[in-house]
Each structure stands twice: as C-alpha cells, then as structure tokens.
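So the structure is just underneath, and the comments pick up after that.
The values are calculated or read from the model by the stated rules, or taken from the named source; none is laboratory data. From a predicted model like this one, the values you see are computed outputs, not experimental measurements. Glycine also receives a Cβ, built like all others from the backbone with ideal geometry; neighbour counts cover every protein chain displayed.
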Amino acid sequence: MVQLLRRSFAAKLLVGFALTTGATVGYGLVTRNVVGTILMATAGQVVLGAYLGTNTVVSMRTLEEQTEAIADGDLDVEVRTSRIDELGRVYSSVDRMRRSLADRIEEADEARAEAEAAESRAQSLAEDYQRTATDYAGTMRAVADGDLRRRVDVDHEHEAMETVGTAFNDAVDELEAALARVDTFAGDVADGAADVRAAAEQIDDRTDDVLAATDDIDAATDEQRATARTGAEETADLSATAEEVAATTESLVETTDEAADASEEARTAAGDAIETMGDVDETMSEAVDRIETLDDATAEITEAAELIRDIAEQTNMLALNASIEAARAGSDAGNAGDGFAVVAEEVKGLAEDTGDRADAIAEMIDEVRTETERAVEAIRRTSEQVSDGSTTVAEAVDRLDDIAEAVDDLDQGVREISDATGEQASAAAGVSETIDDLAENSDRTADRAAEADAAASEQSAAVDAVVEESETFRARSDDLLDVLSEFEVRESAAEETPTASGSGGRGGAGRPAMSDGGDAVHGGEHR
Amino acid sequence: MIGDLLSPSLGGVDSVVYGVGTLGMLVGVVVVTWLLRDGDLDAEAGKFRYLMIIPAFAGLSYAGMTLGIGVISINGYEVEGVRYLDWLVTTPVLVGYAGHVVDVDRSVVLGAVGLDATMILTGFVATTTAGTLRWGAFTVSTLAFLLMLYVLFVQYPRRARATSPERKRLFLRLRNQVGVLWLLYPVIWLASPVGFGLVSTLGTAMLVTFMDVAAKVPYTWVVHEHRGIFRHERDAVAVDRDADDSGRDSPVATAD
C-alpha cells in the first residue's frame, strides 16, 4: 500500500481525496450545517492542494528551472529527486537526456577542436614550407652565382624540407671541398714546379761537387797505393825481427834451466853444512860438560888445601906453646929443657912448610880454575858462532829457494815471450797479405772514380733539360689558379682539404675524397 | 471567570473533537521524536527541538481544551484562550523554521515572527472585543497576515543564504503549506459565531481542529521526508556520492 502510494501520484490523490471527503461527510452529518460543510469541503481541498499540489508545483518548478538551465547550455545541473512516481520518472528521463546531450556536445566539441587544430596545423605547415622554400631559394641563387660559402638554414621541423636542405648543403659542401682541393692542388703544383727547378739547380751544383770529389779520390788512391807498398815492406822486416827474438829466447830458456840446476845443487850442499855444524855443536857441548866436571874436582882440591892449611896453623900454635914450656923448664933443669926446645923448633918448621905448600896448591888450583873458565867461555863463543853459521846457512837455503822460484818464473816468462813472438811473426805475415789486397782495391777505386766522373758529366746535361721543363709547367699551373680564383670558397673548407684527403671520402673510389666535416659546417659556418 | 477558566467541563462533542485533535498532534510528536532519535541526523543543524515545540505545545493545548481548561466567556461566546496561547507560540515557530531551512537573514525572520505574533494577538483582540474595535483588530490582524505572507513569499527567497535545490524545495513546501492553509483561518473566523455566525461553535471547533492538525502534523512529516538535508556532514558527502553512483532510487536530500 505504502509502496503503491510512493509509486503512484494518482493513488496519493485518490487517498487524499477519500480522506477529505470522509472528513467533510462526517462534518456534515455531525453539524448538519451547510456553510460549515462547504467550509470543511473547501478546507479539505485546500489541505490536499497544500500538501499534494504544492509538492507537485515545487517539483515541476524545480524541474523547470533545471531544464531551463540545461536549455541555456548548463549541462552540469543534475536533475534528481527521491520521487519514484510519474514525476520521479520524468526527472530521471530528463536527467538521462541531459547526460546524453552533454556527451554528444562534448563529442562535438572535441571533434570541432580537433578539426580546428588540424586546420591550423595545416595552415602553419603550409606557411612554414613557403617560408623555408623562399629561404632556400635565396641561398641557392647565391650559390649558383658562385658564392660557395653560403648554406641553407636547414628546416629541421619538416622532414621533406630538411631532406632538401641537408641534400643541398651536402652537395655544396662536396662541391666546395672539391674546388678547394683543386685550388690547393693547383697551388701545390705551382709550388712543386718551383721546387723542381730549385732542386734541379741544386743537383747541377752537386754534380760539379761530385766531379771535384772524384778527382780528389783519384789523387788519394794513388797516395794510398804508395803507402801500402811501404807498409808491406815494413811488415816483412818486422816478421824477420820477431823470428830472431824467438831464437834468442829459446837459448835464454836453456840458460835458466841450468841456473835452476845449480841452485838445486847449492841447496843440497847447504843442507850438508847445516848437518855438520850440528855435529860440531854437540861435540863442543860434551867438552863443556867435561870441563865443568874438572871444575868440580878442582873445587874439592881447594877444600883439601884449606883443610891442610888449618892443620898447619894449629900445629904452629902447638909448636909455639912447646917452645914456651921448654924455656921455662931449661932454666930449672938444664939440658932436658934444651932438648925440648929443639923438637918444638922442628915441629914449627914443618908446620910452616906445610902451610906454604897448601897456599901454593891453592894458588895453582885458582890458576887452573881461571884457565878452565876461559876455556869454557871460548867454547861457548865458538858454539854460538856455529849456531849463527847454521842460521846463516839456513837463510842462504831460503834464498836459494827464492832464486829457484824466480828462475822458474823467468823460465815461464821467457817461454811466453817465445810463443808471443812466434804468433807475432805469423801475424806480421797476415798483415803483409792484407796490405797487398789493399793495394789492389786502391787500384780498383781509382778506376771507379774515373767512371763516376764520366757519369756526372752526362747528368749535368740532363738536369739542364729538367729546369727548362719545370719552368713551362709552372706557367701552366698559374693559369689554373687564375681560373679557380673566380669561385669563393670558405677558408675552413680550404683548410680542411689536406686532412680530409687523407681520411678517405664517402664519395666512393671513383671520386676524389670528400670533406667529412660537411655536417659540422652547416651548424656553425653558414651565413 | 477564573474559576470557569480552570474548571474542567468534560462531556459534549467538543471534548471528542479536541481529543481527536490531541491524538493528531501526538502523531506529530512521534514524527519529531523519530527525527530526534535518528543518529544519522544532526539534530543541532535541524533544530528539531524547536520543531518539537509545534506538535508538543499544540498537543498540550488540545489536551487542555479536551479537559475544558482555559475557556473564556466573552459577550456570550465561549472562547478557547489556550488555543490563542498555542497559536502565539507555535505559529512563529512554523514561520521561523521555514526560514531556518534556507538560512534566511535573521532580521527578516524576526520581522515575519513579529508580524505573525501581531496577527495572533490582534486576532485574539478581535475575538474578545466587540463593535468597531473588533473589526479594527480584525483588519489589523488581516493586514499583518498579508504582510507576513509578503515577507514569506518575497523577502524570504531574496534573503535566503542556503539555496541548494534540496533545501529550497523543502522551504517551498513548508512555506506553501503554511501560506495556503492559513488563508482559511480568517474565513473560518468570519463564519464562526464570533464573526457572522454561519457556523456553530462545535462546527468552528471541528474546522479549526482539522486545520490545526492539517497545518502542523504534515509540516513535521514533510521535514521528515526531507531529513537528508540535516545529515551529518561526512554522511552527506557519502550520500551524495552514493546518489551519483546509483542514480534515482536512494537520494535522501530530496523528497516529495
């Protein structure tokens, strides 16, 4: 029921009409008043009108405003309502219409904008082409008049014009490079002709120098030949002398051998002498030992003599005492005393003799001892002298050894000298042969010098002819340069040519090498 | 007289009529309560508490009239004083709320409310006096009503600050209902015993009750239909997007 009321305006109207009619009928039945009933009916209509009518009016007015806005071109106005009855459906239809209209208009606008853009593009393209073509034409006329420095300002925005411009610039680049190269070439030819002339003159001078030089050579070879002969003679002399030296040294070797033998014998003899001296030394030592034993014996004798002397002194003392006693007894006893005195005198005499003899012995022994010591001294000195002699002999032996070694060395040296001299002799013979060869060569050199002299004379005539020809050539290349000067060529192109010709061109094998710097030239150099 | 005013006088068809009117007003109370309870809506923006005054105060006044409270006897007529008190309070709210919907300039709304109050007060004067003063007061009240209609129909749209189609549509519906329905009140007054006596007191009570209910309850229902206007800000955005996506079926900001 509610859904039906929402969906259908007619249903709402019917229900509202039923309610108000009910109220009016009820009012009439209750009051039974005509005016009041009319008023009630009117009130019902007014209420219905206020509720349903104003709603419809408002909806229609809003719809009208929106459709008018759409009609005036404002397609952004949304047409919507929560009504789902007949009016609500009108709303949604209008809104669909609005949206599809907006889409169509948008499409139309886009299409028109595209068409306008395309037209303006075409227009500006045509203008660009015309401008570029005019620009190109000016440059091309200037180039045709011979100003090869000019380049078209390449229009990179349009492919066709870019192709034309680039191709034209490339062609002028190649033409300019070719002309520049011909120009340079002609200049080079003129310079070359001058150089040839100068060179020919120089050759002429040199030929004269050669003639003079060959004369000098002739003289020098003669001198050389004479010198070689002298050398050969001198080396022959040298060879003989060396052979003599070799003979002399061989006899010297023999002599040194003998010296070596002699020194060996001397050494053996010295060894014997040393041995004999050793024997003498030994014998003398034995003699010294014996003399010392004698010394000991004399010492003992001396002691014995001392002892005898002591005894003699004591005996003398006794004899003195006995004489004193005898004197005293004589006075008392007559004769007896005298006998006693005689004995004492005798004893005294003996004692004195004994003492004298002992002293004599002591003196003799002292003399013996002194002599003995002298003998020992003499023997010792002799022994020392023998030792000295032995040392001297040993030293002499050492010297003899040194002499033997020296003789060996000398022998060696002499042998080497002998060998060297032999080699020298054979070398001298070789030198002599070489000098002979040299002499022959000198003869041949003299012959060649004579031939060179003749050739140089012929060459001089040929060079004169070259000079004449080169003069004619230069005159022609000057004519070529005059013709080329009618073209104007950029300096850079002229400078590039020598390097470009070395790097190989894109023009192919059949044409002269082109400048590879052509593209760079467009960017920087064109006017 | 005061005693008469306060003494309930149950019985009679009058009380039945006023009882029906009271029930009718309760429907409006339910509708506004529904609006206040709806969590999706911004009650502050919708000023639903002011809206509640309309059926609530009218309901109270009809309950009072059902019980026979506030009846004044003047010049041999029984006048329902509570009705005029009801009108003095609720009709400015009806006028003011319609202005609030499109955010009409405050001074203009106050002007309309002032004219409305003048209309009610002079109407009360016309009802309670006699002779020249009565007709003079009626004339003043009618002029105030016409001026108020001028303000509602001419000044309001000019001074409106919120002119979205949804708000405008709600405003137009509320204003048109008020403007059209209220045209009948002077006619009923002229036909009533206070005027030319063409209709009895009971007939007048029935007509006025019908008009009051018809003027107030649909008013709240129309606001409920257009409640989408007062959705919370974020929801409103979401609803708009939904509306764009799904087309006709579920826009909430507009209603019929």
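Counting only helices (runs of 4 or more DSSP H) that sit wholly inside the range B:81-150, those with at least 2 residues that are within 19 Å of B:Val187 (Cβ to Cβ) and aromatic (Phe, Trp, Tyr) are B:81-101, B:131-150.
For A:Ala454, indicate whether it is among the hydrophobic types (A, V, I, L, M, F, W, C) and either at pLDDT below 80 or in contact with a Ser or Thr (Cβ under 8 Å, 6 or more places away or on another chain) (or both). Considered against the rule, which asks whether it is among the hydrophobic types (A, V, I, L, M, F, W, C) and either at pLDDT below 80 or in contact with a Ser or Thr (Cβ under 8 Å, 6 or more places away or on another chain) (or both), A:Ala454 comes out as yes. Within the range A:138-171, the set of residues being surrounded by 19 or more Cβ atoms within 10 Å (Cβ to Cβ) and on the phi > 0 side of the Ramachandran plot is empty.
Quick check: anything in the range B:178-192 farther than 19 Å from B:Gly76 by Cβ, among the aromatic types (Phe, Trp, Tyr) and either within 17 Å of the chain's Cα centre (by Cα) or in a helix (DSSP H, G or I) (or both)?
Of the range B:178-192, the ones farther than 19 Å from B:Gly76 by Cβ are B:178-188.
Cutting the leftovers down to among the aromatic types (Phe, Trp, Tyr) gives us B:182, B:185.
Next, only the ones that are either within 17 Å of the chain's Cα centre (by Cα) or in a helix (DSSP H, G or I) (or both) stay: B:182, B:185.
Yes: one or more hits.
Of the residues A:Arg474, A:Arg448, A:Arg490, which is surrounded by fewer than 15 Cβ atoms within 10 Å (Cβ to Cβ) and not aliphatic (A, V, I, L, M)? Only one candidate passes the filter, namely A:Arg448.
Against the test of being among the aliphatic types (A, V, I, L, M), surrounded by 14 or more Cβ atoms within 10 Å (Cβ to Cβ) and closer than 30 Å to A:Val189 by Cβ, the options A:Val397, A:Val414, A:Val463, A:Val368 yield a single qualifying residue, A:Val463. With respect to A:Ala212, is the statement that it is under 52 Å from the mean Cα position of the chain (by Cα), closer than 30 Å to A:Gly430 by Cα and exposed (fewer than 15 other Cβ atoms within 10 Å of the Cβ) true? Judged against the criteria, A:Ala212 is not a match. Exactly one residue among B:Asp103, B:Asp116 is touching a helix residue (DSSP H, G or I) at 6+ places or on another chain (Cβ under 9 Å) and either among the basic types (Lys, Arg) or modelled with pLDDT of 95 or more (or both), and that residue is B:Asp116.
Being among the aliphatic types (A, V, I, L, M) and either within 14 Å of another protein chain (Cβ to nearest Cβ) or touching a residue at least 40 places away in the same chain (Cβ under 8 Å) (or both) is a description that does not apply to A:Met140. Can you tell me which residues in the range B:196-237 are assigned to a loop (DSSP other than H, G, I, E, B) and either within 11 Å of chain A (Cβ to nearest Cβ) or hydroxyl-bearing (Ser, Thr, Tyr) (or both)? Once the filter is applied, which keeps residues that are assigned to a loop (DSSP other than H, G, I, E, B) and either within 11 Å of chain A (Cβ to nearest Cβ) or hydroxyl-bearing (Ser, Thr, Tyr) (or both), the range B:196-237 yields B:Phe196, B:Gly197, B:Leu198, B:Val199, B:Ser200, B:His226. For B:Ile72, the criteria (1) assigned to a strand (DSSP E or B); (2) free of Cβ contacts under 8 Å to residues at least 24 places away in the same chain; (3) not hydroxyl-bearing (Ser, Thr, Tyr) hold in every case but one, which is (2).
For the range A:43-55, which positions are buried (at least 18 other Cβ atoms within 10 Å of the Cβ) and among the polar types (S, T, N, Q)? Hits for the range A:43-55 are A:Thr54, A:Asn55.
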